[in-house]
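As structure tokens, the structure follows; a few thoughts come after it.
The values are calculated or read from the model by the stated rules, or taken from the named source; none is laboratory data. Note that the coordinates shown come from a computational prediction; the quantities given were computed from them, not determined experimentally. Every residue, glycine as well, gets a Cβ built from its backbone with ideal geometry; the counts of neighbours run over all protein chains shown. For accessibility, only protein heavy atoms count, side chains too; no ligands or nucleic acids. Shrake-Rupley method; radii C 1.70, N 1.55, O 1.52, S 1.80 Å.
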Amino acid sequence: MTDQPLQPFAPPAFFESGMYGSALGNRLFSTGAVVIGILLVVFIIWAVYTLVAVYHWFKYSNASWIIFPAVAAHFFISFALMAYALSGNAFFLMSYLP
Amino acid sequence: MKEFELEPGEHVVLHVRKHWFLFLTELLPYAIIAVIPFAIPNLLSLAPPMASYADIFNYHEPLARAGLGVWLLMSWTAAWGAFTRYFLNEWVLTSQRIVNIKQRRFFSREVSSLFLSRIQDVTTDVSGVIPSLLGIGNIKAQTAAEDIEFVMHGIPRPEQMRDLILKYVPEEDPQATGI
């Protein structure tokens, strides 16, 4: 047994940063964390949808050359839009977005 | 071909998909959905009581920008999915049959064949101003059994396609029918 007195429970810093006092109690997550969570869910859905679509392209396009520009365009534009959502920099799409 | 095995001596004559104009009309809803976040602030500013809400759509703010990015990402992905379905739906004319490949949605694919030797009648149908100008039409292939029809909707240059089908329909041998 150590002779140190018991310390009060300290939540992780991630939770601590988002806690604000309110009438109903403490909020667990900050707005930023919620937004990141929503973005994460959207990106996961995008990844699953893309995986399924690319699977169909490869399986059923009968080795057509269009598969490569089609899939490449999807990835380039999608990644640019993801970057825009996260950082505001949409690379080559920047001139079309506010 | 992965979808179907070619018979000995059979070769693929043509791959046909819906006319590009019909594909563009399928894309129109996605384009409208993508434009909505840009249109809403302008529409709100036209109605004075609602004008204050236009500030929510200030896309220089990180939260609104993230929302716009997600909205455009979903619109783009859905449109690309529509293109995938458009491309994977096709008719294949071979020297012996017409193969109809329907990709209704992901993991739902139907492949059906109609042998040209069974075809009795091929009808083309072009109706409307835009279809007439762009050469978009339907082809209906009828077999001897009246209940069996093979319809190709919205194909480009249907007359040429009909002629091509009829070119490969085998002529009946009069001796085989006993006439």
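Tabulated data
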read-out: Area accessible to solvent at B:GLU7, 1.4 Å probe radius, in Å²; value: 90
read-out: The range B:1-139: C-alpha gyration tensor shape, a/c 1.5 cut-off, then a/b vs b/c; value: prolate
read-out: Efficiency of FRET from Cβ geometry, B:LEU43 and A:PHE58, R₀ 45 Å, rounded to 0.05; value: 0.60
read-out: Cα gyration tensor category, rounded, prolate or oblate, for the protein assembly as shown with a/c compared to 1.5; value: prolate
read-out: Using θ = phi - 60° and Karplus 6.51 cos²θ - 1.76 cosθ + 1.60, couplings along the range B:104-110 (whole Hz; Gly, Pro as x); value: 5, 7, 5, 6, 9, 10, 10
read-out: Cα gyration tensor shape of the range B:60-168, rounded if a/c is under 1.5, else prolate or oblate by comparing a/b with b/c; value: prolate
read-out: Residues with amide H under 5 Å from that of B:PHE106, placed H, sequence gap 5 or more; value: none
read-out: B:THR123 accessible area, 1.4 Å probe, all protein chains in place, Å² to nearest 10; value: 60
read-out: Helix runs (DSSP H) in chain B reaching 30 Å along axis by Cα, Kyte-Doolittle at least 0.0; value: B:20-46, B:62-88
read-out: Calculated FRET value between B:GLU110 and A:ALA72, using beta carbons and R₀ = 25 Å, to 0.05; value: 0.30
read-out: Cut-off under 5 Å, modelled amide H: who pairs with B:VAL13 long-range; value: B:LEU93, B:THR94, B:SER95
